[in-house]
Amino acid sequence: MPEITPRSIPASAVQHLLDNGYSSALAKIFAARGITHSQQLDNSLAALLPFGDLKNIHQMAGLLADAIAAQKRLLVIADYDADGATACAVAVRGLRAFGAKIDFIVPNRFEYGYGLTPEIVHLAAESHPDILLTVDNGIASVEGVAEANRLGMQVFVTDHHLPGDTLPDAACIVNPNQPGCAFPSKHLAGVGVMFYVLLALRAELRSRGVFATQPEPNLGNLLDLVALGTVADVVKLDQNNRILVQQGLQRIRAGRACAGINALLQAAKKNPAKASSQDLGFTVGPRLNAAGRLDDMSLGINCLLADDAATATQIAAKLDSLNRERRGIEADMQDSALAALENIDPSGNFTLTLFDATWHQGVIGILASRLKDKFHRPTIAFARANDGEIKGSGRSIAGLHLRDALDMVSKRHPALIKKFGGHAAAAGLSIAETDFDLFVAAFEKVVGELLDADDLAQRIETDGALKQGEMTLEVARILEQQVWGQGFPAPQFNDDFTVQNQRVVGEKHLKLRLSMQGITIEAILFGHNQPLPEQVHAVYSLSVNEYNGNQSLQLIVRHWQDAV
């Protein structure tokens, strides 16, 4: 059973926030997430980190300004996930607004794999571009960049992934994680990096007097896309990323989102005026990702580039259908994975690595994430690819940098991993199918050296119990307006409750009436239809329930166990 542990709440930080006007509940929540000064909660654009600290940003701005002036043909090389799709849309929309001649291609993950490969370069060359601009990829594309150079195309790389030992010989690279970059935040998503490039380009064009004769584009109009890609890529929400997300959400709520994001929200039956970071991460992001997982991410990018509601709605309906198909495939794969584990005790290992020839390449990342959550082990799921290879997608737990662990495996077994990349929480790789057992053993050995048994203990962190007067609709509304996500988790609390009433709704959920300290409150427990005991200790979050135009407080039970 998971251990429920309260987050540490520094008293001095709480007091500072109280002194600056924050309520007791919010002060404790923010202090538990490392906030020590109210300035760290400034989500205004004025608090955004300046672009000047990004290595090569001025050079990139100059090169792009020159390319626009010379009307050179730019071709964006996108990635097939939500970050890559939004980064591509930001690049195309932003650069077109500055007068660039620009188009895009996105590799089909099943034919070409990830990044700027030599094969993608040849595909790109058919369009006769002068410049290839990578978004959310390229930092590891040493061979692809070399091939582009050989064919006479310049390559501009914008990326956020960790570099390998050798950087590609690109004309310019902007990546906060490249060696020598002094940009304070290393957590920008690919879409965030591209947005920063546009900020620098606008400043460059200003200095050249370009806007003396033409209107200056408002780059703030792209922040809805930046917010979506940042949340969907599950990068750490440090202050800079929270600013980008908050500003994007404000535009979505104000009815100023692009047609594609509005259509995706509506396909998910979400009201754009009440959009939250959770909506971006759990409803919009998966629908956009479904295109890259099962079909072609061009569909998702075209949704984000659509300028009229009718076109966006039509594409969003296709993406919604693909997402339903994805969920069905995922459920079948999870059933087969759990069946395979029936005779295996994962608790005896530090890792969980699985391969099934029937699994779908596009869904193994989600499967790895589900299994990681269930067993609290770094998990890699493999599916069959081409030419005797299998492709793996991995998800990690706190304490293990997955990309670094794969790098250690690669160094110890130089011929084992064909290629790999990623970051701390997620990574992908390719190996020969015949080397699967060797990889399983090598990965287990490396992770066993990097983790100890305590790292594998499942813990649920909470913000403790709410005081009387804090479990209110108003507090729930305030919390839903905040930006929560990776590294800045949404608040959840724990307390003892009496179950006064319970009934099954929708065949698989429990609708509850709970009481504590003389208060009676409605609650729901999703994905569970067996009755609870009369006394429970529950981990829960506050939510705003809307029914027939009325709002009420509802608890969402995340975990429960018998009350002691």
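Each value in this text was obtained by applying a stated rule to the coordinates, not by laboratory testing. Small disclaimer: the values here were computed from a predicted structure and weren't measured. With ideal geometry, Cβ positions are generated from the backbone for all residues, glycine too; neighbour counts draw on all protein chains shown.
Quick rundown of the values:
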| quantity | calculated |
| --- | --- |
| Built amide H within the under 5 Å cut-off of residue 353, gap 5+ | 380 |
| Residues 88, 303 arranged by fewest to most Cβ contacts within 10 Å | 303, 88 |
| Other-chain or far-sequence residues with amide H under 5 Å of residue 559's (modelled H) | 539 |
| Sequence of 497, 526 once ranked by neighbouring C-beta atoms within 10 Å, starting from the fewest | 526, 497 |
| Karplus 3J(HN,Hα) series, Hz, for region 405-412 with 6.51 cos²θ - 1.76 cosθ + 1.60 (x for Gly, Pro) | 5, 5, 5, 5, 4, 5, 6, 6 |
| Percentage relative contact order, the chain, counting C-alpha pairs under 8 Å, at least six apart | 12 percent |
| Per-residue ³J(HN,Hα) for region 205-213, Karplus 6.51 cos²θ - 1.76 cosθ + 1.60, θ = phi - 60°, Hz, x for Gly and Pro | 5, 4, 5, 8, x, 4, 7, 6, 10 |
| Computed E for residue 500/residue 269 - FRET, C-beta separation, R0 25 angstrom, nearest 0.05 | 0.25 |
| Nearest-0.05 FRET efficiency for residue 458 and residue 166, computed from C-beta distance (R0 60 Å) | 0.95 |
| Amide hydrogen neighbours beyond the local backbone of residue 419, cut-off 5 Å, H modeled | 430 |
| Vicinal HN-Hα couplings computed from phi for region 348-362 (Karplus, 6.51 cos²θ - 1.76 cosθ + 1.60; Hz; Gly/Pro x) | x, 10, 8, 10, 9, 10, 10, 9, 9, 5, 8, 6, 8, 4, x |
| Once exposed loop GluC sites (Glu not before Pro) are cut out (DSSP; at most 15 other Cβ, 10 Å), longest piece of the chain | 127-341 |
| Spatial separation of Cα centroids for region 276-303 and region 530-550, in angstrom | 29 Å |
| Violating pairs (Cα-Cα greater than 27 angstrom) within the set 101/274; 236/274; 28/274; 374/445 | 101/274 |
| Residue-span extension gain [residue 69 to residue 206] - 0.36 nm each, minus C-alpha spacing | 48.0 nm |
